[in-house]
Structure formats: structure tokens, C-alpha cells
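Working notes for the structure below.
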Amino acid sequence: MIRRFIRSYEINWEIQIRLIFAAVLAAIMGLVLDMFSDYFGWYNLSHFVIEGFAVVLLISLLFYLLRLLIQLRWEAVSWERRANNAESDADKWKQEIQEIGKGLANAIDQQFEKWKFTKAEKEIGILMLKGMIFKEIAQIRSTSERTVRQQALEIYRKSSVSGRNEFSAYFLEDLLFPLEAE
């Protein structure tokens with residue numbers, strides 16, 4: 001997405017500047033041709049000087065636009081490099097998170113084994129840790145909400161906790177940064 005934005009930004013500005021560049025160049029050529037016709041014609045000197053001044057201004061504008069075009073090109077290249085670096089960092093971060101998630105999943109599974117959860121209790125325990133309500137768990141497992149509630153009570157009994165909050169806290173407690181006493 002970032003690359004697409006950068007490329008569209010670069011192309012839009014580049015096209016606009018090139019069009020302006022072409023228009024300025026055409027105006028310069030027109031003025032120069034007019035100056036030649038004035039020089040060989042019977043027009044007065046003040047008209048010739050004014051057109052010469054206009055040519056100088058247009059040439060200055062042309063160089064300014066050229067400088068701007070080069071600057072925008074460099075900025076686009078810089079932004080693309082930054083986007084590439086950000087994508088690389090995001091990929092590394094995603095990979096690290098997946099590894100941490102696998103480790104957490106293994107730790108949770110080992111604890112479920114220690115508590116001797118059945119397969120159904122493991123599934124419900126995981127879904128509760130994901131924050132799903134009993135109704136959602138019942139729909140996913142194609143059972144009644146009452147059955148899920150009964151299995152949740154068995155989970156609390158086997159894990160020696162008083163309810164869902166304490167069950168979740170058991171796993172999250174060590175993951176969060178400890179609060180420092182001030």
C-alpha cells in the first residue's frame with residue numbers, strides 16, 4: 001500500500017511538472033521566434049527588451065522546474081527505500097510474533113495437559129482465552145450454550161480458579177510487564 005502511494009505520488013507530480021516544463025519550453029520557443037521576427041521587423045527596441053526579459057524569466061522558471069523534478073525524484077526514491085525498510089522490519093516483527101505465539105500456544109497446551117483437560121475442554125479453554133463468549137463458543141462447536149457453561153465450570157474446577165477472569169489471568173499474568181512500585 002505504501003509503495004503504491006509513493007509511486008502514484010511520484011507519477012502525479014512528475015507528470016504535472018513535465019507538462020508545465022513542456023508548456024514553459026513552448027512559451028520560450030514562441031517568444032524567441034517572436035523576438036527574431038521583431039529584430040528583423042520594424043518593431044521598437046522596448047518591445048524587444050520586454051520579450052527578452054520574459055525569455056529570461058521563463059528560462060529561470062524552466063531551471064526551477066527541473067530542480068524541483070530532480071528533488072521530487074530523490075524524495076520518491078528515499079520514500080521507497082523507507083517503505084522497503086519498513087516492510088522488512090514488519091516481516092521480521094511478524095515472524096518474531098509468530099514464534100512467540102507458538103511458544104505461548106505450547107506453554108498453554110502443556111498446562112492444559114497438567115490439568116488433565118479433555119479435548120473438548122482444551123478447545124473451550126483456548127476459545128475462552130481468545131475472549132469469546134459462551135454463545136459464540138457453542139456456535140463454533142455446534143453444541144448448546146449450557147453444555148459449554150458446564151464444561152467451563154469443569155475447566156475452572158480442574159485449574160483451581162474461580163472463573164473466566166482468573167483463568168485468563170493465569171496465562172496473561174507473566175506476559176504483561178510487572179508494575180513497578182513508585
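Would you mind calculating the gained length between LYS92 and LEU45 on full extension (0.36 nm times residue separation, minus the Cα-Cα distance), in nm to one decimal?
On the way: separation 47, 0.36 × 47 = 16.92 nm, distance 7.05 nm.
9.9 nm is the gain from fully extending LYS92 to LEU45.
Taking the Cα centre of the stretch 78-138 as origin, sum charge times position over the Cβ atoms of Lys and Arg (+1) and Asp and Glu (-1), and report the length of that vector in debye to the nearest 20.
Details: 11 positive and 11 negative charges, 41 e Å.
For the stretch 78-138, the charge dipole is close to 200 debye.
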Revision key, fill the gap. With the dipole of the stretch 115-172 defined by +1 on each Lys or Arg Cβ and -1 on each Asp or Glu Cβ, the option from LEU127, ALA152, TRP115 whose Cα lies farthest towards the positive pole is TRP115
**Study point:** Rg(Cα) / (2.2 N^0.38 Å) computed for the stretch 115-172, rounded to two decimals
**Key:** 1.00
Point to revise | FRET efficiency for TRP115 and GLN139, using Cβ-Cβ distance with R0 set to 30 Å, rounded to 0.05 | key: 0.75
Revision key, fill the gap. Distance in nm between GLN71 and ALA169 label points, each 7 Å along Cα→Cβ, equals 5.9
Point to revise | Size descriptor, Kirkwood hydrodynamic radius, that averages inverse alpha-carbon separations across the stretch 51-182, Å | key: 20.1
Review point. In bins 10 Å wide, starting from 0, what share of all Cα pairs of the stretch 27-97 does each bin hold, as a percent?
Key: 18, 24, 15, 13, 11, 9, 6, 3, 0
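Over all distinct Cα pairs, what is the inverse of the mean 1/r for the stretch 66-109, reported as the Kirkwood hydrodynamic radius in Å? Don't skip to the end; give the middle numbers.
Details: mean 1/r = 0.0772 Å⁻¹.
When all Cα pairs of the stretch 66-109 are included, the Kirkwood radius is 12.9 Å.
Any read-out appearing in this document is the output of simple, stated calculations on the displayed coordinates, not a laboratory observation. Computed from a predicted structure; not experimentally measured. Note: ideal-geometry Cβ built from the backbone for every residue, glycine included; neighbour counts use all protein chains shown.
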